[in-house]
Amino acid sequence: MKVILAIETATLAMVLAATALILGGTVVTRVAPMPTSDQARAAMLKMTADLHPARIYELDVGWGGLAQALARQFPETRVIAIEMSPLRWAVCRLRAALFGPENLEEWGDVLKTDLSDGVLIACFLCPALMTPLDPKFRSGLKPGAHVISNTFALPGWSGSTTCTARRFTRTTTTAELNNIVFHDG
């Protein structure tokens, strides 16, 4: 009986700790965890397939699925995944360690990270985080850099290529991918 109680207590403690880390990460990042759908990820990979980026950044990487897919699509390219939430960052590191491919994960603040060497910037950020990135993209990226945004458009930017990926959840269809913007200085 004591063993069962100990297991139940340990399980409850782990669930509460995971919940606290998810909520804490949501407070820190101001965004609840929302993974990129398979359909959106496929559309984003297709849109970037003809690029030859020397450096890729994924901003607010979440659980790491898109960063891993980009690293597989561009095996010779350094993929830098930025995540502010400790739990999501830990999940990304674990996924990379277990399933590869070799890519660099960094824990940091998307608003403080130097992106100037980025050739492809991928993000799935809400408008509250996209707006402060606008001046950073405009003044910090080199001409020819590509910014691909899942779901939320960059305010004031118009995409040179737009793709809509549809995901069916029961009877609801939602648009997942809004635009890719080519920054030309």
Every residue from the range 58-96 that is of a type in the set (Gly, Ala, Ser) and farther than 19 Å from residue 23 by Cβ
64, 65, 67, 69, 71, 81, 96
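Out of everything in the range 1-26 that is exposed (fewer than 10 other Cβ atoms within 10 Å of the Cβ) and assigned to a helix (DSSP H, G or I), what residue ends up being modelled with the lowest pLDDT?
Looking only at the range 1-26, we keep the residues that are exposed (fewer than 10 other Cβ atoms within 10 Å of the Cβ), and these are 1-5.
Still in the list and also assigned to a helix (DSSP H, G or I): 2-5.
Working: 2: 82, 3: 81, 4: 82, 5: 75.
Here the answer is 5.
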Among the residues of the range 43-61, which ones are in a loop (DSSP other than H, G, I, E, B), buried (at least 16 other Cβ atoms within 10 Å of the Cβ) and in contact with a Ser or Thr (Cβ under 7 Å, 6 or more places away or on another chain)?
53, 60
Consider residue 40 against the criteria (1) over 14 Å from residue 147 (Cα atoms); (2) modelled with pLDDT of 85 or more; (3) not in a loop (DSSP other than H, G, I, E, B): it satisfies all of them except one. Which criterion is unmet?
(2)
Just one of (1) modelled with pLDDT under 85; (2) out of contact with any Phe, Trp or Tyr (no Cβ under 7 Å at 6 or more places or on another chain) trips up residue 88, so point out which.
(2)
Taking strands (runs of 3 or more DSSP E) that fall entirely within the range 93-151, which contain at least 2 residues that are out of contact with any Cys (no Cβ under 9 Å at 6 or more places or on another chain) and in contact (Cβ under 8 Å) with a residue 12 or more places away in the chain?
104-107, 120-123
Might you check whether a residue that is closer than 25 Å to residue 164 by Cβ and surrounded by fewer than 20 Cβ atoms within 10 Å (Cβ to Cβ) occurs anywhere in the range 70-85?
yes
Which residues, taken from the range 127-151, are surrounded by fewer than 17 Cβ atoms within 10 Å (Cβ to Cβ) and over 19 Å from residue 112 (Cα atoms)?
143, 144
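The values are calculated or read from the model by the stated rules, or taken from the named source; none is laboratory data. It should be emphasised that the depicted structure is a prediction, and the values quoted were computed from it without experimental measurement. Don't worry about glycine lacking a Cβ; one is built from the backbone with ideal geometry, like all the others, and counts go over all protein chains shown.
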